[in-house]
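Scroll down for the structure; my scribbles are underneath it.
Laboratory data are not the source of any read-out in this text; all were calculated from the coordinates shown. Please read all numbers here as calculations on a predicted model, not as lab measurements. Virtual Cβ from ideal backbone geometry, glycine too; neighbours counted across all protein chains shown.
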C-alpha cells in the first residue's frame, strides 16, 4: 500500500449535521476549529480536562457536550470525524490509532503526516466556501494556504472573481446597502460584494463615492444626492427609481452613507418596495454616530466618564413644532450626546441644552468629513460651540459630540 505522505489529499466537503464529531483537547486549536463544526451542525463531544474560556462558554451555552477528563480508549466510538489536539503525545498517538482502526477521519494538530485528514484554510464569500490545501506534502505551509485563501476571498468580496447568478434565483432584487461613514474601506464585505454584482447603483452624496469608480462601465449610476439646502432628489423619486429598475429585472443597490436605518430613510424605501411586491435585502453599515468620533480619537463611552450615549438628529431645531426630540430630557443626561445633521442648528441646540441644565462648559467636538482624507476636528465648549463652528467654517457633513468624552484625544 502506498504511503499517504507521498500523495496529495483528496478534497471533499463533509456534511456533519447531526453526526458525532469528537474533539480531544480544549486549547487554542479547539477554540479555532469548534465554531465551524458547530456552524455545520455537528454533534460535538469535547474530551479534555480543561478548556479555554471561549471553549468553556460554548459548553455552558449547550452548543457542545464536554467531558472533563483525558482521552481514553473508546472515545471515538460512533464518530464520523475527529480532531486530536491535546498536549499529550501518547494520547494523540493512541487516539490516532483508534481512529484508523474505526475508520474515522482524523486531524492531528501535532503531526499532520500521521493524520488521515487535514484541515484546509477556509472561508466564505458570495455563497461560496473556499478551502485551500497544498498539493505537495513537502511544501505544506499553513501560512501559504491561508494567504491563497485570503487572496481568493478578497477577489470574491471585491467582485474581481465573478460568481454567476443561479438560474431561477430571486429576481428582481434590491439591496439597501449601508456604505459606512465615507472611507471606502469601511463598507462591509457583504455590501462591497453586492455593489460589485449590481446593474444599477442609486448613490447618496454621503456614501463611499470612491467605490463608484470601481464599477464596470455597464453599471448605471444614479445620483440621489441630497445636498443640504440645495438640489435634492425627492424621496418619492428615489423610491420610484428603485421600483422601476427592479421591475426591469435588474439588480439594484441603493448605496447610502452610514447605516440605512440610522437617519437614512431606509425603512421608507423598504416599505415602498414591499408595497410594490419587490423583495429587499438590508445590509447594515457602520454608523457615523460612533465611527466618526472614533476616527477622531473620541470614544462615545469610557469607563468612569460616560456609561451611555444618545444619538439624535439635529436637522430640526429644538423649538420647531416638528421636532420629536425631548431636549429637556437630553440636557439632564450625564452621558455622551452625538448629534448628526446639526451644524446649521447648533446654536439653538446648545442654547436649549444649557437652558435645561447642561453645563455650558461641557466639551464639544465637531468632526467634519470624518474618516475621509478631508477629516478635521474642531474643539469647543457647549456655550460657544456655534460661534466656534462659524469661526472655523465647519460645514456638513459633520458629527457633533457633546460630553466629557469630547475632551479625550483632543
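Some values worked out for this structure:
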{"quantity": "Segment residue 236-residue 205, extension gain: residue separation times 0.36 nm, minus the distance between their alpha carbons", "calculated": "9.4 nm"}
{"quantity": "Estimated distance in nm for a label pair at residue 305 and residue 248, the labels positioned 7 Å out from Cα along Cα-to-Cβ", "calculated": "5.0 nm"}
{"quantity": "Angle in degrees between helix 235-247 and the longest Cα principal axis of the chain, rounded to the nearest 10", "calculated": "30 degrees"}
{"quantity": "Neighbour-count order for 341, 267, 58, fewest beta carbons within 10 angstrom listed first", "calculated": "267, 341, 58"}
{"quantity": "Length-normalised contact order for the chain - Cα pairs under 8 Å, 6+ apart - percent", "calculated": "10 percent"}
{"quantity": "Nearest-0.05 FRET efficiency for residue 93 and residue 390, computed from C-beta distance (R0 56 Å)", "calculated": "0.15"}
{"quantity": "Angle in degrees between helix 89-102 and the longest Cα principal axis of the chain, rounded to the nearest 10", "calculated": "70 degrees"}
{"quantity": "Sequence-separation-based contact order of segment 84-125, relative, with Cα cut under 8 Å and 6+ spacing, percent", "calculated": "31 percent"}
{"quantity": "Residue order, fewest to most beta carbons within 10 Å, for 14, 340, 45", "calculated": "14, 45, 340"}
{"quantity": "Residue with peak Gaussian network fluctuation, the chain [Cα springs, cutoff 10 Å], from 29, 221, 161", "calculated": "29"}
{"quantity": "Listed values [x] 131; [y] 200; [z] 209, entry calculated as volume of the Cα convex hull per residue in Å³", "calculated": "[y]"}
{"quantity": "Rg(Cα)/(2.2 N^0.38 Å) for segment 290-407, N = residue count", "calculated": "0.96"}
{"quantity": "Between segment 8-70 and segment 172-197, the Cα center-to-center distance that results, in Å", "calculated": "33 Å"}
{"quantity": "Likely footprinting exposure, 50, 289, fewest C-beta neighbours within 10 Å first", "calculated": "50, 289"}
{"quantity": "Among 241, 385, 79: highest mean-square fluctuation, GNM of the chain, C-alpha pairs under 10 Å", "calculated": "79"}
{"quantity": "Förster-model FRET efficiency, 35 Å R0, residue 361 and residue 320, C-beta, rounded to 0.05", "calculated": "0.85"}
{"quantity": "Per-residue [θ]222 nm for the chain (sum of -39500 (n - 2.57) over DSSP H runs n ≥ 4, rounded to 500)", "calculated": "-8000 deg cm²/dmol"}
{"quantity": "Rg/Rg_globular for segment 258-338, with Rg_globular taken as 2.2 N^0.38 Å and Rg from C-alpha atoms", "calculated": "1.39"}
{"quantity": "Within the chain, percent of DSSP bridges classed antiparallel, to nearest 5", "calculated": "35 percent"}
{"quantity": "Beta bridges by DSSP in segment 173-286, antiparallel share as percent, to the nearest 5", "calculated": "10 percent"}
{"quantity": "Gaussian network model of the chain, springs between alpha carbon atoms under 10 Å - residue of 19, 377, 265 with greatest fluctuation", "calculated": "19"}
{"quantity": "Angle between the chain longest axis and helix 28-39 axis [Cα atoms, degrees, rounded to 10]", "calculated": "80 degrees"}
{"quantity": "Cα convex hull of segment 10-101, projected area averaged across orientations, nm²", "calculated": "5.9 nm²"}
{"quantity": "Residue 218-residue 381 FRET efficiency (beta carbon distance; Förster radius 35 Å; 0.05 resolution)", "calculated": "0.10"}
{"quantity": "Shape call, segment 173-286: gyration tensor on alpha carbons, a/c limit 1.5", "calculated": "rounded"}
{"quantity": "Percent of C-alpha pairs per 5 Å bin, segment 370-410, short to long", "calculated": "5, 20, 32, 28, 14, 2"}
{"quantity": "Relative contact order for segment 253-372, counting Cα pairs under 8 Å that sit 6 or more residues apart, in percent", "calculated": "23 percent"}
